[in-house]
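Take a look at the structure below.
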Amino acid sequence: MTDFSEEDREAICDMFRRLLADQASEEKLREIIETPSGLDKALWQQMAELGLTGIMIPAELGGIGGSIEEVEALMEVAGASLYNGPFISTSVIAPILLSAATNTEFVSALLEDIASGEKIIAIAGCGRSGDWTKSPEVSAKQNGSEWILSGSACFVQHARNADAFLVATAQEGNVAVFYIPKNAPGLDIVEHDTDDKTLRLSTVDFDKAQGILLEGVGEEQFKSATQSAIVALAGEQAGATRQIFDLTIEYLNTRFQFGQPIGRFQALKHMAADLLIEVESASSSARHAARALASKAPNASMLAYLAKFTCADNFRKVSADAIQLHGGIAYTVEHPAHLYWRRAQTGQWLFGSSDRFRDLYLSEMETAP
Amino acid sequence: MTADLKNEVEVWLTEHWDPEAECELGKGEYDEKSWLKKVVDAGYAVPTWPEKWFGRGLSPKDARVIENAFQKHKAKGWGRDRFHLGAITIYKLGSDALKSELLYDLLTGPICCLLYSEPGAGSDLAGVRTRAVRDGDDFIINGQKVWTSNAVEAEYGMLLTRTDIDVPKHQGITFFIFPMKQEGVEVRPINQITGEDEFNEVFISDARVPARFIIGELNKGWFSFQTAIASERLIMGQGITSRLRGAAGKTPALLKLAHDHDKLNDPVLRQEIAQALAYRQLNTLNMLRAKEEVAKNGSSSLASLGKLAMSRIQHGEARISAKIIGPQVLINETEDSRNANFDAAKAYMNSIGGGTDQIQKNIIAERVLSLPKSTDVSRDIPFKDVKSS
């Protein structure tokens, strides 16, 4: 559970919202995605100064000790601006995995570096299926006191900007997680040309690369980190969904045809009313999942899976209909609607598909007490 | 105060009500009129109203203390200040004289029926054509109403009529409290696609209603009607939340059906079942958020989404139930088939009744999203010039 009050949570969200309004406008985003790294490092540093990169890291290690509820709320703000930094990897997944490890001295130093903004961590969590709930395709072999990693991790976000990776490996049916610096011999990054320019994806190949085992981190801890990651992503999508929806409603009120605002036409009104259900369902599912995870409620997994496919699907649906509702103007690359729509497509596949999580949701229902 | 009140009601119920036989103590069977008189006389039927009008002047919170005690004892007649639409409307809009004449009768009688919709006035209720024509101290009523529940037992109906056809439609409507038990009122049940007949048609020919039974003012019935319909929406909202509460914690019906028919291994059906269950759960989560927002800010726009969301849920669940059952759904010889076919038809009750989904979408778009109102070509012309089908 979190020590943050609702007011505290709103305060850090306001702070983040102001920072993004100032530093991450649509114009700025369009500039950043044209750069080789695709990342605004100065903004990441400013987030670190505000304590945001250490949101889930305890105060004694330089963080601010929040929970997934704060993360979800911040991600709604991030999503509204299509923020594209390595927040989920570095500030959500990495701290959860590292905090679970028993080689305390090693991980404490890392957590401090994350909180201070000094280190960006990317996560190699899946193979070609893109599905974090399936077995990774990197294997680890012990050689004396050393661990040697081989294989490939796919759809890795922010690989180029990372200082180090946390790599999920298949270990005799279990999962083990390793730390490996980016410059380790045998580690190779292949950057891909993504359709969604706001999020870079890479394949990371390991050819007998040497990693450091996170002791005590197995399948259960990896699953728990994945659940927080999908709820953080759900929050981001819920925020993005609401933003593109609000932009669309504003357009329906201001665009005139036949001498009247087009929002007076019922065909568009009915689409808008239907979409409002999807917008609100996204917010409700993300927030309730975060609350359930934070309080370790028995239905937390079920709600996390529900939030995953609901927010992914609803973001795609609302951003797709946003283009249709705008008409020609949103078919131009200068209009932001396609940026949301493309990010929505990415989100449908990150960590695993909507169909996969819909199935897992049903499995949770089947076994619910 | 609360503890004293609870104690007082408990004692009163113990002295007057038999929870085993669910009737008045010593009577052997339930006599509605006799029991309701006792409840009204004790001030328990409408506790939030002032003593002058059979209440106790209590806060809604204290009134719940009374309601809870009644429910605990399985006693009837509570909460008439929340659910008896006719009495509520007369209490809010009637003159003191009308209240003195009718309120006690209404409170101790069956609930009123609602004589609103007509064959030619469904979504566009302000287009009612049932005529009310002045005749001495009375009005004479001629016309037809539809979708009236409780029309057989009701002693009074809330009647929407046309009293002036030379002005635009909203300005020529008069709202009456109308005595049902008279010649000239014929009630015919409507056979519904579910096999039920909970609704009726009401044919009114030369029936009479005293002019003093006008609710509000002559030709200003549309305004009085808004008050009545607001109370009705409040009741519908309460009904929805309590039903959802009742469903929580049980194995979802769809999951049980799929299990019984051994379909939980079908990957395509699994997707459809999961999505259907998700829609239901998402609506529950939205309504929980609505409650939190109401507690915090006094209102929530989320509440208005529930009815529309429920249409997708109910039509979807019925469609998937049929898929789970397979071709056997064609044969109404099993309970599962009968339920699936009944539910498929019954889903229209939500998507048409109380305002179609399409009207609901207009309302959401205009009131929640503030999109411009649609034009009503009949709004500003004399009613006699309005085209009808």
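The values are calculated or read from the model by the stated rules, or taken from the named source; none is laboratory data. This structure is a prediction, so every number in the text was calculated from the model and none was measured. Here Cβ is always computed from backbone atoms with ideal geometry, including for glycine, and neighbour counts include all displayed protein chains. SASA here: full protein model, heavy atoms, side chains in, ligands and nucleic acids out. Shrake-Rupley method; radii C 1.70, N 1.55, O 1.52, S 1.80 Å.
Once backbone amide H atoms are built at 1.01 Å from N, B:PHE139 has B:VAL209, B:ALA211 as its partners under 5 Å, excluding neighbours fewer than 5 places away on the same chain.
Our coupling estimate for the range B:199-204, obtained by passing each phi through the Karplus curve with A = 6.51, B = -1.76, C = 1.60 and θ = phi - 60°, is 9, 9, 9, 10, 9, 10 Hz, Gly and Pro reported as x. Averaging the sequence gap over all C-alpha pairs within less than 8 Å and six or more residues apart, then dividing by the number of residues, gives chain A a relative contact order of 17 percent. Taking amide H as placed 1.01 Å from N in the peptide plane, B:GLY55 has no amide H partner under 5 Å among residues 5 or more places away or on another chain. Karplus-derived 3J(HN,Hα) values for the range B:123-128, using 6.51 cos²θ - 1.76 cosθ + 1.60 with θ = phi - 60°, are 5, 9, 5, 5, x, 4 Hz; glycine and proline are entered as x. With a ≥ b ≥ c the root eigenvalues of the C-alpha gyration tensor of the range B:113-219, is it rounded (a/c under 1.5), prolate (a/b larger than b/c) or oblate? It comes out oblate by the Cα gyration axes. For chain B, averaging the sequence separation of C-alpha pairs within contact (under 8 Å, six or more residues apart) and dividing by the residue count gives a relative contact order of 12 percent.
Relative to the longest principal axis of the Cα atoms of chain A, the long axis of helix A:6-23 lies at roughly 80 degrees.
For the peptide A:225-235, the mean number of other protein chain Cβ atoms found within 10 angstrom of a residue's Cβ is 0. Between B and A, buried accessible area from a 1.4 angstrom probe totals roughly 3400 Å², ignoring ligands, DNA and RNA.
Think of chain B as having a plus end and a minus end, set by charges on the Cβ of Lys, Arg, Asp and Glu; of B:THR14, B:ALA347, B:ASN265, B:ASN265 sits farthest toward the positive end of this dipole. In a DSSP loop and with at most 15 other Cβ atoms within 10 Å, the GluC sites (Glu not before Pro) in the range A:10-103 are A:GLU34. Prolate is the label for the range A:223-369. Its Cα gyration tensor axes, ordered a ≥ b ≥ c, give a/c of at least 1.5 and a/b above b/c. Under the membrane-span-like helix rule (DSSP H runs whose alpha carbons stretch at least 30 Å along the helix axis, mean Kyte-Doolittle hydropathy -0.5 or higher), chain B yields B:221-247, B:267-297. Where a ≥ b ≥ c are the square roots of the eigenvalues of the C-alpha gyration tensor, would you call the range A:6-115 rounded, which needs a/c under 1.5, or, failing that, prolate if a/b is larger than b/c, or oblate? In terms of gyration-tensor shape, oblate.
Scoring B:46-54, A:303-311, B:289-297, B:158-166 by mean Cβ neighbours within 10 Å over their residues and listing the highest first yields A:303-311, B:158-166, B:46-54, B:289-297.
In the range A:244-270, the residues that give up 30 Å² or more of accessible area when the other protein chains are added, compared with the chain on its own (1.4 Å probe), are A:ILE249, A:ASN253, A:ARG264, A:GLN266, A:LYS269, A:HIS270.
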